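Asks: The following block contains the structure, expressed as structure tokens.
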Ligand code: NAP
Ligand code: F7E
């Protein structure tokens with residue numbers, strides 16, 4: 001049975017990937033950051049107490065900013081596969097915290113690669129690494145974007161992901177490390193963070209539908225994204241590490257929609273007209289925008305046998321249904337006298 005280590009296990013992708021690997025018989029170790037509030041909500045449903053003899057998911061405090069913690073965890077866990085998903089992953093936040101974003105996304109990847117390089121050298125064991133690259137690396141390069149398309153990032157996040165990508169390729173070439181770089185286009189789910197645009201929209205639709213909210217404030221409605229389902233995309237990550245040789249792969253659906261079109265689909269799924277509720281607020285406009293991303297995943301289809309299974313309309317419906325239920329629960333709590341958390345406090 002294989003052992004995997006996941007950085008970013010508490011994130012959207014980390015939670016789906018952990019589930020997939022557990023279902024495939026792996027023992028899974030996840031690195032979690034210390035937080036003053038609980039941040040394990042996404043993995044709580046399938047986490048088992050470590051005293052349970054059936055437990056196969058184990059958590060370790062560590063941080064991509066802290067190379068010593070990475071090295072210690074590596075020595076203790078002795079993984080066959082590492083999935084480097086940890087990141088400050090919000091593009092707008094990366095304009096506000098560019099140094100931190102670079103430290104975690106770019107230098108954090110370097111710290112991990114250096115740890116693995118030394119670990120392999122002194123143990124003689126080989127480790128396969130998945131590096132979470134992003135379509136944001138293509139930035140202003142026009143679609144369709146594929147593996148050979150030019151990187152032209154438009155944000156500190158995109159720049160840091162390009163650096164991390166090149167570190168991965170460099171360690172593959174220089175030290176023969178098995179590093180596979182996924183170049184994943186946007187992927188969403190009911191577990192998506194609530195400040196990314198799709199989830200911001202589906203949460204608002206649910207709340208407007210049950211009368212908890214009136215309007216939704218967004219930025220650029222014209223930006224186009226190639227949105228897929230996160231559950232499909234973690235399968236592509238796993239397939240990359242089962243391949244004979246490491247490579248770089250675009251993972252995408254090949255179809256793009258605008259933010260406005262996402263709104264139209266989401267509101268109409270709830271029987272609402274989006275134009276009655278969506279307002280533009282310039283605070284959500286980015287200093288530099290990526291206008292149009294649409295990926296060509298031919299290589300992943302041909303070499304990994306990967307293809308997406310959830311279409312745009314079904315993804316939107318899945319998110320709206322989930323968030324309508326959540327809003328109904330919030331309304332019940334409010335009716336019982338509990339304070340429902342306002343959604344205006346987050347500036348992204
Ligand atoms: P996410 O939901 O934002 O999760 C990010 C994870 O990284 C969280 O577990 C977070 O911990 C952790 N993290 C943050 N700072 C860290 C640090 N200093 N050290 C270690 N871990 C840290 O992101 P996601 O959507 O799952 O994406 C997973 C990866 O794929 C990221 O690298 C992202 O940049 C990349 N990516 C995502 C997409 C997409 O559309 N989702 C597309 C392309 C690439 P907390 O939970 O404690 O915050
Ligand atoms: O924005 C526009 C915004 O923040 C999508 C991350 O997972 O995918 C994600 O990055 C678009 C942009 O995702 C709002 O300007 C309009 O054009 O949901 P997003 P992103 O920036 O594409 C890539 C592949 C990653 O790698 C990243 O980690 O929607 N938009 N109004 C808005 N976006 C947000 N967040 N909030 C708005 O109010």
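Nothing in this text is a laboratory measurement; each read-out follows from the coordinates by a stated rule. Every value quoted in this text rests on a predicted model; they were computed, and no experiment measured them. For neighbour counting, all protein chains shown are included, and Cβ atoms are generated from backbone atoms with ideal geometry for every residue, glycine included.
Asks: Would you mind ranking 148, 32 so that the residue whose beta carbon has the fewest other beta carbons within 10 Å leads the list?
Replies: On the way: 148 8, 32 20.
So the ranking, lowest neighbour count to highest, is 148, 32.
Asks: I would also like to ask the following. Can you list the equivalent-ellipsoid semi-axes of region 1-147, largest first and in whole Å, using the square root of 5 times each Cα gyration tensor eigenvalue?
Replies: Largest first, region 1-147 gives 26, 19, 16 Å.
Asks: Write down, largest first, the equivalent ellipsoid semi-axes of region 189-256 in whole Å, where each equals the square root of 5 times an eigenvalue of the alpha-carbon gyration tensor.
Replies: 33, 14, 8
Asks: Can you check how the C-alpha radius of gyration of region 141-243 compares to 2.2 N^0.38 Å, as a plain ratio?
Replies: Here the answer is 1.38, to two decimals.
Asks: Can you sort 63, 281, 323 so the residue with the fewest Cβ neighbours within 10 Å comes first?
Replies: Arranged by neighbour count, lowest to highest, 63, 281, 323 become 281, 63, 323.
Asks: Then there's this: Obtain the radius of gyration and the Kirkwood radius of region 10-88 from its C-alpha atoms and give Rg over Rh.
Replies: Rg divided by Rh gives 0.93.
Asks: Follow-up. Any idea what angle helix 230-242 forms with the longest principal axis of the chain, computed on alpha-carbon atoms, 0 to 90 degrees, nearest 10?
Replies: 10 degrees
Asks: Dividing the convex hull volume of the alpha carbon atoms of region 1-40 by its residue count, what do you get in Å³ per residue?
Replies: So the per-residue Cα hull volume is 54 Å³.
Asks: Report the convex hull volume per residue for region 139-179, counting only C-alpha atoms, in Å³.
Replies: Dividing the Cα hull volume of region 139-179 by its residue count gives 68 Å³.
Asks: Roughly how large, in nm² to one decimal, is the mean projection of the convex hull of the alpha-carbon atoms in the chain?
Replies: If I average the Cα hull's projected area over directions, I get 17.7 nm².
Asks: Now a separate question. Mind putting together the pair-distance distribution for region 257-348? All Cα pairs, 10 Å bins, whole percent per bin, short to long.
Replies: 12, 27, 36, 18, 6, 1
Asks: Roughly how far apart, in whole Å, are the Cα centres of region 288-342 and region 190-236?
Replies: Using only Cα atoms to place each centre, the spacing works out to 6 Å.
Asks: If you don't mind, there's one more thing I want to ask. Over the alpha-carbon set of region 174-303, divide Rg by the Kirkwood Rh and report the Rg/Rh ratio to two decimals.
Replies: Result for region 174-303 is an Rg/Rh of 1.07.
Asks: Bin width 5 Å, alpha-carbon pairs only: give the P(r) of region 233-287 as whole percents, running from 0 to the bin holding the largest distance.
Replies: Computed distribution, short to long bins: 4, 14, 15, 12, 11, 12, 11, 10, 7, 3, 0.
Asks: Could you tell me whether region 99-196 comes out rounded, prolate or oblate from its Cα gyration tensor? Rule is a ≥ b ≥ c as square roots of the eigenvalues, rounded for a/c under 1.5, then prolate if a/b exceeds b/c, otherwise oblate.
Replies: prolate
Asks: What's the angle, to the nearest 10 degrees (0 to 90), between helix 108-123's Cα axis and the longest principal axis of the chain?
Replies: 30 degrees
Asks: Neighbouring Cβ atoms within 10 Å as the yardstick, rank 138, 95, 38 fewest first. Walk me through the intermediate numbers first.
Replies: Working: 138 28, 95 16, 38 8.
Exposure proxy ranking, most exposed first: 38, 95, 138.
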